[in-house]
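The values are calculated or read from the model by the stated rules, or taken from the named source; none is laboratory data. Keep in mind that this is a model prediction, so the values were computed, not measured. When we count neighbours, we look across all protein chains shown, and the Cβ atoms used for this are built from the backbone with ideal geometry, even at glycine.
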Amino acid sequence: MNELRVAMIIQAYLPRIGGAERQLAALAPLLQAEGCDVHVITRRFPGLAPFELINDVPVHRLPIPGPKFVASGSFTLSAMPLLKRIRPHILHAHELLSPSTTAVAAKRAFGIPVVAKVLRGGLLGDIAKLKRKFLGQRRMRLFRKYIDAFIVISREIDEELAEFGISNSSRRAIPNGVDTLRFQPVSSDKKSDLRRLLYLPDAPIVVYSGRLVAEKRLDLLIDIWPKIRKVHKDAFLLILGEGETERMLKERQTCGMEFRGAVADVVPYLQSADLFVLPSSTEGLSNALLEALACGICSVATSVGGTRDVIIHGENGWLVPAEQPAHLMEAILMLLSDSELRRNLGQAGRNQILQNYSLSSVASQLVSLYREIGGPQEFFPAKNQLLEPNLCTTFRES
C-alpha cells in the first residue's frame, strides 16, 4: 500500500502538554505503522528548536513574531514553502482557528485536501471563538468551501457545525482515543503497591488529572472538600497537572489534599485511585476522562460537551450538572460510600472505552478518511506560485 504523507498543523506540540498535543503524540506512531509519513507543523515557542525528531516524528516549528494577528499571519506564510518541500497528500488541521486558516491557504495554493478536527464546542469552543473574531463569519464560509472533512468528537460539536451549514457528508465522527494496553486496571494488591511507591495514603483517593485552568472548575471541588472530609475523614484529594490557576487553587488548599504537578506518567496515579472527578464547566472530549475510564476507575463528571457521549449516567459513570457544587458533593459522598457501585461503574466504563474509544481504532478511522479524500497523489501545480493574491486577506483574519 502506498505511503501517505500527512502534515499535522497544530498550535503547539511536545514538549508543551495539552489534550490535543497528547492525543496527536499518542496517535502518530500508530498512523506511521499504518503507512503514514507524519510531519507535525507547529509554532516555535521560546527555548524550542526549529526542527527535531520526537519519537521518530519530524516536528517543524515556525516563527510567530510580534502581536497575535501578526504571529498568525507569519505562521501561515512560513508554512507555505515548508509544505511545498514536504509535499503532503493530506493536511490535518487541529482546531478551527490558525491551523485551519493555514491549511485552507495551502489548499488554495497547492490543491491539497484538508481535514480539520474541531477540538471543542460550547462557549469556549472553536466555533464560538470564530464568531467573536473579526471577519469570523467569512472565515467559516471559507472553511465550509475548502475543508474536505470536519472531524467531530462530540454531538455538541456536530450540532454546531450543522447550524453553520456543514453538510452531513462533510462531518465525520471520529472520537479521541486512549491506549487501552497502557491505561488498564490493576489488582487490589497492585494498587496497594503503587500507593506505597507513590507515597499515597491507604485511604479513599479521589483524583483529578489535567490542566489547571478556570473552565475545569477545580475551585468548586476544593471548596467542597472539607465537607466531604467531615463524612469520610481520611479521604484524600490528589490533583495532577499545572496551569494558570495553580497558584490560586493552592491558596485554597485544605487538609486531605495534595498537588503533585505535571507528573511524568499519570498511569500509576490513576491506577491507585478510587474515584476520578472532572468538574468542568465546558469540555470537548476529555482525554483525562478517557484515560481514567480505561483504567477502570469510577468517574463522576459534569454533563457537558463530549462527556455526555461517553458516560451514560448510572451505567458506566456518574453525571452531575455543571456549576452545581452541591450535586457534585452529593455524588462524591455517595460513590465513596458504595464500593460495589464504584466497582461496577468502573468496569462498565472500561468496557465503553474498549468498544468505542481505543486508540488503534481511531488511527484506523483516520487513515481510512485520509485515503478516501486524498490518497497518495501529487496535488502541487506545475507553476511555482506559492500564494494566490486573495490569500493575504485570509492571513490577516487569523
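Annotations for the structure displayed:
- Verdict on residue 297 being out of contact with any strand residue (DSSP E or B) (no Cβ under 7 Å at 6 or more places or on another chain) and either closer than 17 Å to residue 348 by Cβ or modelled with pLDDT under 95 (or both): no
- Residues in the stretch 341-353 that are surrounded by 15 or more Cβ atoms within 10 Å (Cβ to Cβ) and either under 29 Å from residue 24 (Cβ atoms) or of a type in the set (Val, Ile, Thr) (or both): 6 in all.
- Selection within the stretch 13-33 - assigned to a loop (DSSP other than H, G, I, E, B) and modelled with pLDDT under 95: 14, 15, 16, 17, 18
- Residue check for residue 356: at pLDDT 95 or above, crowded, with 18+ Cβ neighbours inside 10 Å and out of contact with any strand residue (DSSP E or B) (no Cβ under 8 Å at 6 or more places or on another chain): no
- Flag for residue 74 being assigned by TED's automatic domain parsing to the domain that holds residue 150 and either out of contact with any strand residue (DSSP E or B) (no Cβ under 8 Å at 6 or more places or on another chain) or modelled with pLDDT under 95 (or both): yes
- Failed criterion for residue 144 (all others in (1) over 30 Å from residue 303 (Cα atoms); (2) surrounded by fewer than 24 Cβ atoms within 10 Å (Cβ to Cβ); (3) over 22 Å from the mean Cα position of the chain (by Cα) hold): (1)
- Any hit, the stretch 137-147, residues being farther than 26 Å from residue 372 by Cα and not basic (Lys, Arg): yes
- Residue count for the stretch 310-368 satisfying the condition of being among the hydroxyl-bearing types (Ser, Thr, Tyr) and touching a Lys or Arg at 6+ places or on another chain (Cβ under 8 Å): 0.
- Scoring residue 323 on the criteria (1) without any contact (Cβ under 8 Å) to a residue 40 or more places away in the chain; (2) touching a strand residue (DSSP E or B) at 6+ places or on another chain (Cβ under 9 Å) leaves a single failure, condition (1).
- From the options 101, 42, residue that is surrounded by 17 or more Cβ atoms within 10 Å (Cβ to Cβ) and either on the phi > 0 side of the Ramachandran plot or in a helix (DSSP H, G or I) (or both): 101
- So residue 181, is it of a type in the set (A, V, I, L, M) and surrounded by fewer than 16 Cβ atoms within 10 Å (Cβ to Cβ): yes
- Subset tally (residues that are on the phi < 0 side of the Ramachandran plot and either under 18 Å from the mean Cα position of the chain (by Cα) or touching a residue at least 60 places away in the same chain (Cβ under 8 Å) (or both)) for the stretch 211-234: 15
- Only residues that are in contact with a strand residue (DSSP E or B) (Cβ under 6 Å, 6 or more places away or on another chain) and more than 28 Å from residue 212 (Cβ to Cβ) were counted across the stretch 1-31, and they come to 6.
- When each of 116, 128, 93 is tested for being aliphatic (A, V, I, L, M), surrounded by 23 or more Cβ atoms within 10 Å (Cβ to Cβ) and without any contact (Cβ under 8 Å) to a residue 40 or more places away in the chain, the lone residue that passes is 116.
- Residues in the stretch 188-213 that are aromatic (Phe, Trp, Tyr) and within 27 Å of residue 283 (Cβ to Cβ): 208 only.
- Selected residue [free of Cβ contacts under 8 Å to residues at least 12 places away in the same chain and assigned to a helix (DSSP H, G or I)] from 344, 351: 344
- Failed condition for residue 162, given (1) of a type in the set (A, V, I, L, M); (2) in contact (Cβ under 8 Å) with a residue 24 or more places away in the chain; (3) farther than 18 Å from residue 303 by Cα: (2)
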